[in-house]
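The values are calculated or read from the model by the stated rules, or taken from the named source; none is laboratory data. Nothing here was measured: the structure is a model prediction, and the numbers come from that model. Methodologically, a virtual Cβ is constructed for each residue, glycine included, from the backbone with ideal geometry; neighbour enumeration extends over all protein chains shown. Note: areas computed on protein heavy atoms with side chains; ligands, DNA, RNA excluded. Shrake-Rupley method; radii C 1.70, N 1.55, O 1.52, S 1.80 Å.
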Amino acid sequence: MLLYHSNHPKQNANIMKQGFDNEKYIRIQSEHIKERIQQFKGKLYLELGGKLFDDHHASRVLPGFQPDSKLRMFSKISDQIEIVIVISAEDIVKNKVRADLGITYDEDVLRLRGEFIARGFMVGSVVITHYNGQHAADDFRVRLKRMGIKSYVHYLIDGYPHNVSLIASDEGFGKNDYVETTRPLVIVTAPGPGSGKMAVCLSQLYNENKRGIEAGYAKFETFPVWSLPLKHPVNIAYEAATADLNDVNMIDPFHLEAYNKIAVNYNRDIEIFPVLNALFEGIYGKNPYKSPTDMGVNMVGFCISDDDACCEASKDEIIRRYYDATNKFANGANNEAEVQKIQLLFNQAGINTDYRKVTVAAKQRKEQCGKACAAIELSDGTIITSETSDLLGPSAALILNATKYLAGIDHDIKLIPQAMIEPIQKTKVEYLGGNNPRLHTDEVLVALSVLSQADESCRKALEQLPKFRGCQVHSTVMLSEVDRKIFKKLGVGLSCDPIKKK
């Protein structure tokens with residue numbers, strides 16, 4: 001184990017410093033949404049962009065933002081909320097998979113429904129969009145019916161979204177199933193982008209209006225933060241996170257023209273706004289919004305308590321996203337444009353990979369020992385490194401080194417005796433046919449757990465794991481999926497050099 005202390009452009013005072021007032025956010029965000037419901041006389045369709053829970057991107061770039069903040073905020077008004085989950089029939093046919101979870105979108109619909117219900121929310125139904133008689137979509141509806149879940153279909157509309165006269169007619173939105181809802185706030189969410197959430201909201205506005213109900217539409221998307229400057233690191237980090245979608249942050253020209261005020265939005269919402277304006281006029285005769293920024297209800301920008309801390313965290317995130325993109329490229333993905341875009345974002349943020357000092361520390365140790373190495377930056381600014389050995393991979397060794405440091409255990413003490421590691425290696429290689437005998441992070445943690453019943457040092461080491469949350473880690477080789485998942489569960493910001501293990 002090697003220890004490093006800060007002699008770096010970032011100051012220790014900013015390490016792990018809270019930059020976001022989470023309680024203020026929950027309070028003012030819920031009040032703002034209530035006000036928007038009242039603006040539309042008590043019925044609002046709220047398109048939810050991003051994740052309703054497990055929003056780890058927000059928690060990384062806004063230190064202090066809790067991953068379940070949105071759920072906690074909505075919990076304050078849960079008796080007014082009904083959730084509608086949207087899935088595209090085309091995604092069902094393609095068996096589209098959520099990369100972060102490794103499950104198909106149709107399975108994720110059921111997972112999301114279960115998660116929402118377990119947290120006390122009402123899930124009214126599932127809407128299958130882009131429907132054109134696909135057999136896989138019909139089979140999914142049968143499955144939903146057997147589970148007692150209401151489902152509706154919304155059809156493909158020729159010329160959507162530009163053929164406004166057809167869309168806002170009985171042959172367009174009028175052909176869609178009318179989704180029956182009973183509560184004033186209808187949250188429309190989906191497993192991923194491109195599911196058709198906005199179209200579902202607008203279709204409902206059309207069909208509610210036909211029934212004499214004046215409903216409204218709003219969008220709840222955390223990023224980009226409209227009230228921050230265009231080139232603020234928090235907004236640049238959003239571009240890095242969506243580089244694969246080629247999203248671009250822009251000044252909202254409609255907002256500037258209407259109010260002579262600068263607000264930040266992104267290209268897709270700005271490009272679609274003239275169409276939305278025509279659709280609102282086709283449904284209601286007027287548009288209640290003068291700009292795409294007007295449609296949003298996000299108050300996150302008003303809850304930043306320490307801008308410097310958020311800037312530093314966002315710059316770390318931009319670099320982490322760069323390594324994610326290069327890892328995908330090394331694994332054969334055709335994402336060169338994504339990598340190049342994030343490199344351009346480095347220039348906008350005034351950084352390079354050396355800005356992230358945990359990256360520098362891992363590479364320095366590799367230069368010294370010639371082996372695969374890893375490093376973690378702890379909350380006090382201390383950086384601890386590790387290297388691979390015959391017994392442990394670099395990430396497993398890193399967890400042991402870091403927990404010993406945090407627990408005040410001498411580095412020379414062996415928490416897991418070699419006599420215990422060797423039988424595990426034998427099982428992995430001889431009985432299970434593995435190629436890599438070194439222990440992964442999960443195996444190290446299981447061994448520590450077993451030993452902790454009789455060994456005080458192992459018990460103390462395990463108790464340090466919650467202190468990993470929010471820390472930064474870098475590995476000089478790409479880690480296994482097992483190791484990645486462990487670091488994710490620990491709440492660590494992980495990056496890896498795009499080099500495969502030998």
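Summary of values
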quantity: Rg ratio (alpha-carbon, reference 2.2 N^0.38 Å) - the stretch 346-437; calculated: 1.33
quantity: At 1.002 mPa s and 20 °C, Stokes diffusion of the stretch 144-195 via Kirkwood alpha-carbon radius, µm² per second; calculated: 161 µm²/s
quantity: Between 0 and 90°, nearest 10: helix 22-39 axis offset from the chain longest Cα axis; calculated: 10 degrees
quantity: Eligible aspartates and glutamates near LYS51 by straight Cα distance, threshold 14 Å, same-chain separation 8 or greater; calculated: ASP68, ASP100, ASP108, GLU115, GLU221
quantity: Two-decimal Rg to Rh for the chain - Kirkwood Rh, Cα set; calculated: 1.01
quantity: Degrees separating the helix 197-210 axis from the principal Cα axis of the chain, which is the longest one; calculated: 20 degrees
quantity: Whole-percent carbon and sulfur share, accessible surface of the stretch 174-234, 1.4 Å; calculated: 51 percent
quantity: Mean Cβ count within 10 Å, highest first, over the residues of peptides 201-208, 329-336; calculated: 201-208, 329-336
quantity: Semi-axis lengths (Å, descending) of the ellipsoid that matches the C-alpha gyration tensor of the stretch 65-118; calculated: 25, 14, 9
quantity: Alpha carbon convex hull of the stretch 168-224, projected area averaged over orientations, nm²; calculated: 4.8 nm²
quantity: Viscosity 0.692 mPa s, temperature 37 °C, Stokes-Einstein D of the stretch 278-333 from Kirkwood C-alpha radius, µm²/s; calculated: 213 µm²/s
quantity: Members of LYS363/LYS501; LYS219/LYS341; LYS41/LYS150; LYS94/LYS485 lying beyond 20 Å, as alpha-carbon distances in this model show; calculated: LYS219/LYS341; LYS41/LYS150; LYS94/LYS485
quantity: Residues of the chain: accessible area per residue with a 1.4 Å probe, Å²; calculated: 44 Å²
quantity: Pair PHE302, VAL97: separation of 7 Å Cα→Cβ label points (nm); calculated: 4.3 nm
quantity: Per-selection Kirkwood Rh - the stretch 206-284 (Cα, Å, 1 d.p.); calculated: 14.2 Å
quantity: For q = 0.15, 0.26, 0.33 Å⁻¹, Debye-computed log10 I/I(0) when each Cα of the stretch 447-493 counts as one equal scatterer; calculated: -0.49, -0.94, -1.07
quantity: 15 Å beta-carbon shell around ILE413, net charge (K/R +1, D/E -1); calculated: 0
quantity: Rounded to 10°, Cα long-axis angle of helix 336-349 versus longest principal axis of the chain; calculated: 80 degrees
quantity: All-pairs Cα distance distribution in the stretch 376-502, expressed in whole percent, bin size 10 Å; calculated: 13, 46, 34, 7, 0
quantity: Cα-based convex hull volume of the stretch 154-311 per residue, rounded to whole Å³; calculated: 133 Å³
quantity: Over the chain: helical MRE at 222 nm, DSSP H runs n ≥ 4 each giving -39500 (n - 2.57), nearest 500; calculated: -13500 deg cm²/dmol
quantity: For SER449, solvent-accessible area (1.4 Å; no DNA, RNA or ligand), Å²; calculated: 50 Å²
quantity: Within straight-line cross-link reach of LYS210, aspartates and glutamates at Cα separation under 20 Å, skipping those fewer than 8 residues along the same chain; calculated: ASP170, GLU171, ASP177, GLU180, GLU281
